[in-house]
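The values are calculated or read from the model by the stated rules, or taken from the named source; none is laboratory data. Model, not experiment: these values are computed from the prediction. Using ideal geometry, Cβ is built from the backbone for each residue, glycine included, and neighbour counts are taken over all protein chains shown.
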Amino acid sequence: MKNLFPGIWEWSWFSEEKQLDFNGHYLAVGEHRILIDPPPLSSPDLAFLTQGDQIDYILLTNRDHQREAAQLKQDFGCRIMAPEADAKEMTVPIDKTFKDGELLPGGIWVIHLLHQKSPGESALFLQKGKGILIVGDALIGDPPGSFRLLPDEKYAEKTQARLSLKRLLNFSFDTVLVGDGASVLTNAKTAVHTLLES
């Protein structure tokens, strides 16, 4: 469990299939303790979460990032929130859905991204420090320090998917925490701009 910023941690599980780290994020924001897109946890990481305050929410950015959510819901007795447009395709029990522009617990804003791999793909925006974006499959942190999109075959229309992501540039952020690959902790907005303008 790596402490990235005050109240924000990241842990990783290496996917042999994708040859990338799958990342989960733990946020202690205000009175809330939140997990985002949780991959498998090592015993020390699970112990770290267990010894802290009660986790009350798991947020999922898309239908394909259910990962360990069902098990952790059972372990911690927390609620799962997921994009409204993806909920019907999920197998984990969803307690509440969210949509674009909604303010979630912990002061997290939802940014629904159209034309992505799944219809509900959402980024999460936290006005903390210089601004933090948390993404699922919208941006892959690879190679480290930069971003790429998913392979072409994952999109119905890649040009539309790329255009939709330009919406992220309307937000003020310096950090992008990714579900897949390496998170970019500083100058991330420049890296997003470089990808989308290439």
Task: The listed residue being assigned to a loop (DSSP other than H, G, I, E, B), at pLDDT 95 or above and buried (at least 20 other Cβ atoms within 10 Å of the Cβ), out of GLY101, GLY120 - done: GLY120
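Taking the condition of being more than 20 Å from VAL178 (Cα to Cα) and either in a helix (DSSP H, G or I) or hydroxyl-bearing (Ser, Thr, Tyr) (or both), how many residues in region 73-98 meet it? Walk me through it before giving the result.
Restricting attention to region 73-98, the residues satisfying the condition of being more than 20 Å from VAL178 (Cα to Cα) are 73-79, 84-85, 87-97.
If we keep only those that are either in a helix (DSSP H, G or I) or hydroxyl-bearing (Ser, Thr, Tyr) (or both) too, we end up with 73-76, 84-85, 87, 91, 97.
Qualifying residue count for the region: 9.
Scan region 157-198 residue by residue and report those that are outside any helix (DSSP H, G or I) and modelled with pLDDT under 95.
If we filter region 157-198 for residues that are outside any helix (DSSP H, G or I), which is where we start, we get 157, 171-187, 198.
Selection gives GLU157, SER198.
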